[in-house]
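These notes concern the structure reproduced below.
No lab work stands behind these numbers, since they all come straight from the coordinates. What you see is a predicted model; the values in this text were computed from it and never measured. No Cβ is skipped: glycine too gets one built from the backbone with ideal geometry, and neighbour counts run over all protein chains shown.
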Amino acid sequence: MWRTAIENGSMVFVLQPRERIMANPPDVGVPLFRNPDTVPFIYFDLAPAYGFMAGIVEVELAARSLIPAPDVTTAEIVTTARLRCSPAAAITLRDALNKALEIATQFREQAAPLGAIGTGTLN
């Protein structure tokens with residue numbers, strides 16, 4: 001915001017300080033989110049392709065699919081999802097995956113069968 005003042009017989013414009021912004025805002029905790037029943041489950045066996053374009057992280061997810069036929073069953077890799085997100089969102093996804101893998105490693109080290117016991121956390 002500007003204000004006027006007279007200095008040495010001349011009118012000058014003086015910039016008034018704005019509201020101060022806190023460098024470290026208080027922690028507001030985990031934001032609330034909705035959990036609709038219609039949200040899809042995405043299963044994948046591999047992430048065969050990835051890229052970055054126009055500020056967006058791109059990851060293709062794929063899974064092995066069995067194709068039955070009368071004489072022989074074949075397998076092929078099919079795309080299950082195309083993930084697009086900001087770099088900041090990609091970092092949170094990477095961190096969540098790393099934490100989930102740490103939990104899986106702990107179960108493996110305890111010789112518990114994978115999938116027999118599950119646990120989770122809210123970031």
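Given 0.36 nm per residue, what is the gain on full extension from Leu101 to Ala88 after removing their alpha carbon distance, in nm?
The span from Leu101 to Ala88 would gain 2.7 nm if fully extended.
Ranked from highest to lowest mean number of other Cβ atoms within 10 Å per residue, what is the order of the peptides 79-91, 40-52?
79-91, 40-52
Sorted by average packing, counted as other Cβ atoms within 10 angstrom per residue and highest first, what order do 92-98, 65-71 take?
Highest-to-lowest ranking by the protection proxy: 92-98, 65-71.
Give me the extension gain from Asp37 to Thr80: residue separation times 0.36 nm, minus the current Cα-Cα distance, reported in nm with one decimal. It would help to have the intermediate numbers written out before the result.
On the way: separation 43, 0.36 × 43 = 15.48 nm, distance 1.95 nm.
In short, 13.5 nm is gained.
Between rounded, prolate and oblate, where does the stretch 40-85 land on the alpha carbon gyration tensor, with a ≥ b ≥ c its root eigenvalues, rounded for a/c under 1.5, else prolate if a/b exceeds b/c?
Verdict is prolate for the stretch 40-85.
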